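The block underneath contains the structure these notes are about, expressed in structure tokens.
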Amino acid sequence: MILGIGNDIIDIRRIEQAIERYGDRFLDRIFTTIEREKSDGRLLRAASYAKRFAAKEACSKALGTGFRKGVFWRDMGVVNLP
């Protein structure tokens, strides 16, 4: 069953600026521990976080709930295939 379709794009610089300004407070609020471990190990760290952020936004759109109606950022995680 398909609940909906979600799509999102993001400017990597936006995430880079949020990380510079808010640091761990931003990262802890948005990303799971596993997402943080994966992204922190990447050469292009901000790009890795931006991809995960966009995927989470797309997921919330597909669910039709947004982030204010019971689904929160850390309720979903974006992981890499092995």
- The condition from (1) touching a Gly at 6+ places or on another chain (Cβ under 8 Å); (2) at pLDDT below 95; (3) assigned to a helix (DSSP H, G or I) that Lys56 misses is numbered (1)
- Note on the structure: Scanning region 33-53 residue by residue, those surrounded by 18 or more Cβ atoms within 10 Å (Cβ to Cβ) and farther than 17 Å from Ile9 by Cβ turn out to be Glu35, Lys38, Ser39
- Task: For Asp24, state whether it is surrounded by fewer than 17 Cβ atoms within 10 Å (Cβ to Cβ), under 13 Å from the mean Cα position of the chain (by Cα), more than 15 Å from Asn80 (Cβ to Cβ) and among the acidic types (Asp, Glu).
- Result: no
- Message: Quick check on region 37-69: of everything there that is aliphatic (A, V, I, L, M) and within 9 Å of the chain's Cα centre (by Cα), which residue is nearest to Arg21 (Cα to Cα)?
- Response: Ala50
- Note on the structure: Pairs returned, first residue in region 31-42 that is of a type in the set (A, V, I, L, M), second residue that is loosely packed, with under 12 Cβ neighbours inside 10 Å, beta-carbon separation under 8 angstrom, 6 or more apart or interchain, are Ile34/Val79
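The values are calculated or read from the model by the stated rules, or taken from the named source; none is laboratory data. All figures in this text were calculated on a predicted structure; none of them were measured in a lab. Glycine also receives a Cβ, built like all others from the backbone with ideal geometry; neighbour counts cover every protein chain displayed.
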